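The values are calculated or read from the model by the stated rules, or taken from the named source; none is laboratory data. The structure presented is a predicted model; accordingly, all values stated were derived computationally and were not measured. When we count neighbours, we look across all protein chains shown, and the Cβ atoms used for this are built from the backbone with ideal geometry, even at glycine.
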Amino acid sequence: MFLSTNPLSIPAAGEALPGRDEPIATASTHFVNASPLKGPYPTGTRQILFGMGCFWGAEKAFWSLPGVHVTAAGYAAGATPNPTYEEVCTGLTGHNEVVLVVYDPETVSFERLLKLFWEGHNPTQGMRQGNDVGTQYRSGIYVYDADQRAAAETSKEAYARALADYGKGPVTTEILDAGDFYFAEEHHQQYLAKNPGGYCGLGGTGVSCPVATGVTLET
């Protein structure tokens, strides 16, 4: 990842890059657990997309969590179909770097995933995360149903209050319907497992998120 000089606003309708009809090439299996990256996923699993800045570190935060079946780096919440990494970095696709998390709700609660999301990055920085600047580094939760949206909104309000108590905020996280998700290129998938010394610009605020998970979050 690198310090971006791209625009700090989402392109208006008609201004986004045209993209392409065909998906870009990606990995077939997860580098860490060998599960099929694009599925089919086990019956009963659910999906969620998290944007936390650099998707390398965001993906690593989730792949070893018990109950997570597979993770994948990709692009969401933009307008350009099947974008490349280079196109996303121009700021002209509208996409965010996100991690797809496929999880078993019988093993790991959605609230536990939310707690890891909030505490794993700084959700008050707008179009950046630390030294990574650009629209693709914004904080976001992209939901697949009304229950996920309600839980995400509730957790956002709770964490905003917690941050305010420490003089931080306001929270800039967007919560949107998931829409299209595009898998990133193969070398971005599970990048920090392939490159243990690789760059990761994520850092939390140090403020605990008061979301009831029913379990102690392991870090």
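Scoring residue 183 on the criteria (1) within 17 Å of residue 52 (Cα to Cα); (2) without any contact (Cβ under 8 Å) to a residue 60 or more places away in the chain; (3) aromatic (Phe, Trp, Tyr) leaves a single failure, condition (2). Being in contact with a strand residue (DSSP E or B) (Cβ under 7 Å, 6 or more places away or on another chain), modelled with pLDDT of 95 or more, of a type in the set (Asp, Glu) and not in a strand (DSSP E or B) is the requirement here; does residue 87 meet it? Against the criterion (in contact with a strand residue (DSSP E or B) (Cβ under 7 Å, 6 or more places away or on another chain), modelled with pLDDT of 95 or more, of a type in the set (Asp, Glu) and not in a strand (DSSP E or B)), residue 87 does not qualify. Look at segment 192-219: where a residue is at pLDDT below 80 and a partner is part of a loop (DSSP other than H, G, I, E, B), sitting 6+ places away or on another chain with Cβ atoms under 8 Å, you get 213/109; 214/109; 215/109; 218/65. The requirement of being touching a residue at least 12 places away in the same chain (Cβ under 8 Å) and surrounded by 24 or more Cβ atoms within 10 Å (Cβ to Cβ) is not satisfied by residue 111. Looking only at segment 154-180, residues that are under 17 Å from residue 98 (Cα atoms) and surrounded by fewer than 18 Cβ atoms within 10 Å (Cβ to Cβ) come to 7 in all. The set of residues in segment 141-179 that are within 11 Å of residue 51 (Cα to Cα) and in contact with a Pro (Cβ under 9 Å, 6 or more places away or on another chain) contains only 173. Sub-6 Å Cβ pairs linking a first residue in segment 146-161 that is modelled with pLDDT of 95 or more to a second residue that is in a helix (DSSP H, G or I), at least 6 apart or interchain, are 151/110; 155/114; 159/118, ordered by first then second residue. Scanning segment 29-66 for residues that are under 13 Å from residue 108 (Cα atoms) and loosely packed, with under 15 Cβ neighbours inside 10 Å yields 44, 64, 66. Each residue in segment 19-64 was checked for being outside any loop (DSSP other than H, G, I, E, B), touching a Pro at 6+ places or on another chain (Cβ under 9 Å) and not β-branched (Val, Ile, Thr), and 2 pass. Against the condition at pLDDT 95 or above, at positive phi and surrounded by 24 or more Cβ atoms within 10 Å (Cβ to Cβ), how does residue 78 come out, does it pass? No; evaluated as a whole, the condition is false for this residue. For segment 123-134, the criterion of a residue being among the charged types (D, E, K, R) and within 26 Å of residue 89 (Cα to Cα) is satisfied by at least one position.
Restricting segment 129-153 to residues that are hydrophobic (A, V, I, L, M, F, W, C) and more than 30 Å from residue 25 (Cβ to Cβ) leaves a set whose member that is surrounded by the most Cβ atoms within 10 Å (Cβ to Cβ) is 152.
A residue that is of a type in the set (S, T, N, Q) and out of contact with any strand residue (DSSP E or B) (no Cβ under 9 Å at 6 or more places or on another chain) occurs nowhere in segment 110-126. Of the residues making up segment 164-182, just one is hydroxyl-bearing (Ser, Thr, Tyr) and closer than 24 Å to residue 21 by Cα, namely 182.
Taking the criterion of being without any contact (Cβ under 8 Å) to a residue 24 or more places away in the chain and of a type in the set (A, V, I, L, M), the only residue of segment 24-46 that qualifies is 34.
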